[in-house]
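Colleague: Dumping the structure here so I can ask a few things about it.
The values are calculated or read from the model by the stated rules, or taken from the named source; none is laboratory data. These numbers come from a predicted model, not from an experiment. A quick note on method: Cβ atoms are made from the backbone with ideal geometry, for glycine too, and the neighbour counts reach across all protein chains shown.
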Amino acid sequence: MKIYFALIGLLLCCTLTLAQRRNCPSVCTLEYNPVCGEANVRGQQVRCQFSNPCVMTSSGCRNGINWRSTSCGITSLQCSSLV
């Protein structure tokens, strides 16, 4: 009986994870229309450049980051892991 509860719990977790991922845009056009975003990531102010607004939105959704549009300037070292 315990195994059934464990399997149901595992199935529920997988279903919820997939449902959350579906809400994030996963495919963006290759259009090059650069935008920059700034956010507080793990207590640090981070500024990144994205190839277009869709890529910035997708990054924010996948990483749980609320990017704010900003002027482009020097980007942060952490950007490669967030884009």
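Colleague: Failed condition for Arg21, given (1) more than 13 Å from the chain's Cα centre (by Cα); (2) modelled with pLDDT under 90, with all others met?
Modeller: (1)
Colleague: Still on this model: Would you check if Ser71 is among the hydroxyl-bearing types (Ser, Thr, Tyr), over 20 Å from Asn23 (Cα atoms) and surrounded by fewer than 16 Cβ atoms within 10 Å (Cβ to Cβ)?
Modeller: Answer is yes for this residue.
Colleague: Before we move on, is Glu31 outside any loop (DSSP other than H, G, I, E, B), among the acidic types (Asp, Glu) and modelled with pLDDT of 90 or more?
Modeller: Taking the combined requirement at face value, the residue does not satisfy it.
Colleague: Looking at the stretch 38-55, which of the residues that are closer than 12 Å to Thr70 by Cβ and out of contact with any Lys or Arg (no Cβ under 6 Å at 6 or more places or on another chain) is surrounded by the fewest Cβ atoms within 10 Å (Cβ to Cβ)?
Modeller: First, the residues of the stretch 38-55 that are closer than 12 Å to Thr70 by Cβ: 38-39, 45-50.
Now restrict to residues that are out of contact with any Lys or Arg (no Cβ under 6 Å at 6 or more places or on another chain): 39, 45-50.
Details: Ala39: 20, Gln45: 9, Val46: 18, Arg47: 19, Cys48: 24, Gln49: 17, Phe50: 23.
Among those that are closer than 12 Å to Thr70 by Cβ and out of contact with any Lys or Arg (no Cβ under 6 Å at 6 or more places or on another chain), it is Gln45.
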